[in-house]
Structures are given as structure tokens and as C-alpha cells.
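Down below is the structure, laid out as C-alpha cells.
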Amino acid sequence: MVDVLRKWVHLLATLVRSRFSRSTSVVCDDLGEVAALSQLLAMLLVAGLSPQQALIHARVERDDFFENKPPTPRAFLAEVWRLGLEMGAPLKNILMSLSRALAQASRNAREARSQLAGPQAATRLVMTLPGIAIVGGMAAGYNPLAFLLLQPVGWFLLVVAAGLMWLAHTWSATLVAAAESTTWAIGMPTEVMAMVLRSGASLRQARHRAQEIADNYLTDHFELEQSDEFMELSTRTGVALSDLLHAHAELLRDRARNNSHEAIERLGVKLMIPLGVCVLPAFIAVGVLPLVASVISSTTLY
């Protein structure tokens, strides 16, 4: 029976580790790699290399590069690159903006993952307590393990505990995903619009390209509505619209960064909720109630 308990605890521990360490590291690495690639390509263009030469020196396989599909950062980089080649638009500014936005998103993902350290350690500690309680009960002359594994009520408690642990893992993963949600695409449609205008294209073409980017990479098109207001302002005042759009895109990204920082700061507190609501009751179900039941069943009441 002790072997069965050990295997069960090991299974839950494996579940916790895999759930808490799921694709976050992959997301961080991908964002960081694309950020570095964007910065490298921008520097190569500034040095005077042609776009084709820049890809070669950056060791980018052209065919694979353009096969990426939205809404990934690599797909956006490829789409902007293709647009720059097609329209002769300058790429340096938007590549540097993309690099900074992706680097910030990568930092957000790492910070969100670091917030898991406390709840993860607490969960592992709580998971060891049922085994300690059961061993202590058996040393005192009781048999809570038999109640847990051989009685229908004990099996029910195991199912309840497993369900609570699953809920805690899912809940925590949802909180982390919400806190580290990638905001790198915010401001990018506006940047694309500014880039297309700098190439000498018409305002209608620039607005159309920006709309395509927003459709592929954003769920909220509010920034395009704000861009329309800048179009009217530029028409009235004669201020260069591309400069207004670039400044507005920077402001949007600053706001997004501040919101991300606030969300990550709140994450540490929010992650305690699944621990208290789900993990601790799971411990009571498999660590406390079986011991109490075995004590009651082994005690003769007169």
C-alpha cells in the first residue's frame, strides 16, 4: 500500500511540474529569438546592406522565413519584410520597434513564470503532507491508507482530490496566460501605416495595409480608429502623418507595457487563490479525512 501511495504522490508531482512549466519557456525563447533577429536585420540595413544581403548575413532561410503564418511574431516579421520589399518602404524603424516590443513581451513571460515559484513550492509541500499524515497515523496504530484505497468513500476522496488538483492547475495556468498575454502587436498596425506612407504610397493604401495587420494580429482595432483621428489632424494642420503615427504607436506600446507590469504584480497574489481554494481542500480530502475516519472506525464507542 505504501508503494501505491508513493506512486500516486509521484504522479501528482509530475502533473504539477508539467503544468506549471508548460510552454512558457518556449514562448519566452521564441519571442527573444525574433526580437534579436529583428534587431540584427535592422542593424544590417543601417549598415547599408540590401534586404537580400541582410537575410543572408543573418542566416535566415528565405523560403522558411516567408512560410510563417499569423499570428506569430515570425509571421509578422516576414510580412513586414515582404511589404517593405514590395513597396520600397524603409524597414529600420519598424524593425527596431518590433524588437523592443518582443523583448518586452519576452520579459513579461519570464516574470510571469517567476511568479509561479512560490505557489509551485507551496503546492509540492502540501502534496507531501498526506503521505506524512498517513505514515504518522499508521505509526500510531491506525490504518488510514486502507480506508483510502479499499473503501468506496476513500476512492471518492481520491477522485475529489484529483479533481481539485486539476482545477488548481488549470486555474493557475489561466491566470499566468492572462498576465503574460503578448502585447507585442499593439501599435504595429500604426507603425505599418507610417512605414507605408514613408514609401510614398497613398493614404488609402497605407490604411488598407494597416487594416490587414490589425485583422491578423489584433483582436481590438481601437488603435486604427485613433489613427483615423490623426489622419484628420494631419489634414487640418499639415503635420507629417507618418511622424504622428509613429509617436502614437510608441505611446500605445508604453501603455501596454505599464498594463503588463501591473498585471504581473497582481499575479503573485492571484496565484494564492487556487492554492487556498483547491490545493488545501485536496490535502484535507486525502490527508486528514482518511486519518479521522480510521481513528473513528478503530475506536469502540460505548
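Per residue and in cubic angstrom, what volume does the convex hull of the Cα atoms of the chain have?
Values: hull volume 48.4 nm³, N = 302.
Measuring per residue, one finds 160 Å³ for the Cα hull of the chain.
Scaled to the globular estimate 2.2 N^0.38 Å, the Cα spread of the stretch 164-224, given as radius of gyration, is 1.66.
Solvent-accessible area per residue in the stretch 153-302 equals 51 Å², computed with a 1.4 angstrom probe and all protein chains kept.
Give me the Kirkwood hydrodynamic radius of the stretch 83-233 in Å, from all C-alpha pairs, to one decimal place?
20.3
Computed over the chain with a Gaussian network model linking Cα atoms closer than 10 Å, the most mobile of H169, H208, H248 is H208.
What's the center-to-center distance, using Cα atoms, between the stretch 154-187 and the stretch 257-302 in Å? That distance is 14 Å. Pick from R204, R253, R236: which residue has the top mean-square fluctuation in a GNM of the chain where Cα pairs under 10 Å get a spring? Ranking R204, R253, R236 by mean-square fluctuation puts R236 first. Hull volume per residue, based on the alpha-carbon atoms of the stretch 209-260 and their convex hull, is 79 Å³.
Taking 4 °C and 1.567 mPa s as conditions, the stretch 225-284 diffuses translationally at an estimated 86 µm²/s according to Stokes-Einstein applied to its Kirkwood radius (Cα pairs). Only DSSP H runs of four or more residues enter the estimate; each adds -39500 (n - 2.57), and after division by the residues of the chain the mean residue ellipticity at 222 nm equals -25500 deg cm²/dmol. Across the accessible surface of the chain, with the other protein chains kept in place and a 1.4 Å probe, carbon and sulfur atoms take up 60 percent.
Based on DSSP H assignment, which helices of the chain show an axial Cα extent of at least 24 Å together with a mean Kyte-Doolittle hydropathy greater than or equal to 0.5?
2-20, 24-46, 117-139, 152-179
The values are calculated or read from the model by the stated rules, or taken from the named source; none is laboratory data. From a predicted model like this one, the values you see are computed outputs, not experimental measurements. SASA here: full protein model, heavy atoms, side chains in, ligands and nucleic acids out. Shrake-Rupley method; radii C 1.70, N 1.55, O 1.52, S 1.80 Å.
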